[in-house]
Amino acid sequence: MGVGDEIMATGMARGAAARGVKIAFGDGCKLIWGPFCEIAFRNNPNIARRADELEVEWIAYYKGHRRYNHFDGTRWIWHYDFRARPGEFYFDERERGYTVKRRGAVLIEPNLPWHKPVAVNKDWGLARYQALADLFRRNGVPVFQPRHGLRRLDRVEVITTPDFRCAVAALAGFDLVVTPEGGLHHAAAAVGVPAVVLFGGFAPPDVLGYHGHANLTGGTTGACGSLRECAHCRTALARISVEEVYESARQLLDQSAATPG
């Protein structure tokens, strides 16, 4: 799907180096890396860069062979025996320079990968994101958004970074992110940032969600995984009110404020 898949891979590899091994992602003979692997795996001591490295453990996890779902021709079928484990990033000095601690601040991501047909089934809507940002601001909460995608929220500060890894390093400085289900919520889990994640009815939090996040589904039963525009997904998202997102965010912010550091 995208960079979120590779962030999840780093969770599967977590702790390997401490056991004296590296994880090779591929078919047992050759590494199979997609275009986002280098971005997510850079500097990670748990992940093998060559198939012939010593003490390698293979995991068959790559495009077309994911552990959490499979494709039936029109939709994703979810594997409920899988649960995402938080990944990790190993930032270099340049990237760490973008981590600026912003106590009590919220990062809102109103954008999706619009080139993908599934985006319409994950879109909470710009008007709701704007209403949420305004509600935060009225209650004294600083609001930011990444300089990414087509949508811009009014009256919020924009965070500019040169690449995705620097954007994740910047994310690490926030106390909360509000985002659709996707790469950014996996990144938030990897850097330990609480999140309100708008799942709606497309993907199941039981498979792709994380403890410590508020995973909102709109009360829907079942996650359809449809790649076509889906009334079930749209209805689920419409049931997630601005007030519900705000209250979920406030609870997480209060927890963060009570945590030393």
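So how strong a dipole does the range 93-257 carry about its Cα centre when Lys and Arg Cβ are +1 and Asp and Glu Cβ are -1, to the nearest 20 debye? Could the numbers behind the result be given before it?
Details: 19 positive and 16 negative charges, 70 e Å.
Result for the range 93-257 is approximately 340 debye, rounded to the nearest 20.
Rounded to the nearest 0.05, what FRET efficiency is calculated for ASP92 and LEU126 with R0 set to 51 Å and r the Cβ-Cβ distance? Before the final figure, lay out the partial values.
Working: r = 35 Å, r/R0 = 0.68.
According to the calculation, E is roughly 0.90.
Pairs of alpha-carbon atoms within less than 8 angstrom and 6+ residues apart define the contacts here; what relative contact order does the chain have, in percent? Intermediate values should be presented prior to the final figure.
Numbers: 505 pairs, mean separation 53.2, N = 261.
Computed over the chain, the figure is 20 percent.
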Spread of Cα-to-Cα distances over 10 Å intervals beginning at zero, given as percent, for the range 93-257: 11, 42, 37, 10, 0
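Hey, what number do you get for the chain at 222 nm if only DSSP H runs of n ≥ 4 count, each worth -39500 (n - 2.57), divided across all residues, to the nearest 500? Don't skip to the answer; put the middle values down first.
Details: 9 runs with 77 residues, N = 261.
The per-residue figure over the chain is -8000 deg cm²/dmol.
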Straight distance only, please: which lysines reach the Cα of LYS30 with their own Cα at less than 23 Å, same-chain residues fewer than 8 apart left out? LYS22, LYS63
Charge dipole (debye, nearest 20) of the range 3-65; +1 at Cβ of Lys and Arg, -1 at Cβ of Asp and Glu: 100 debye
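Between ARG228 and GLU57, 0.36 nm times their residue separation minus their Cα-Cα distance comes to what? Please report the intermediate quantities before stating the final value.
On the way: separation 171, 0.36 × 171 = 61.56 nm, distance 3.74 nm.
My answer for the length gained is 57.8 nm.
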Residue with peak Gaussian network fluctuation, the chain [Cα springs, cutoff 10 Å], from HIS115, HIS185, HIS148: HIS115
Using +1 at the Cβ of each Lys and Arg and -1 at the Cβ of each Asp and Glu in the chain, identify which of CYS166, ALA119, ALA131 lies farthest towards the dipole's positive end. ALA131
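Quick check: net charge around GLU38, other residues with Cβ under 12 Å of its Cβ, Lys/Arg +1 and Asp/Glu -1?
Taking every Cβ under 12 Å from that of GLU38, the sum is +1.
I'd like to verify something in the chain: which complete DSSP H helices, judged by Cα projection on the helix axis, reach 15 Å or more and average at least -0.5 on the Kyte-Doolittle scale? Mind dumping the intermediate values first?
Details: long enough: 3-13 (16 Å, 0.69); 126-138 (18 Å, -0.17); 242-257 (22 Å, -0.55).
The answer, listed by residue number, is 3-13, 126-138.
Let's test the formula: R0 of 30 Å, r as the Cβ-Cβ distance of VAL100 and HIS211. What FRET efficiency results, to the nearest 0.05?
Values: r = 26 Å, r/R0 = 0.88.
So the FRET efficiency works out to roughly 0.70.
Since every read-out is calculated from the coordinates, none of them should be taken as a lab result. Model, not experiment: these values are computed from the prediction. Cβ coordinates were reconstructed from backbone atoms using ideal geometry, including for glycine residues, and neighbour counts include every protein chain displayed.
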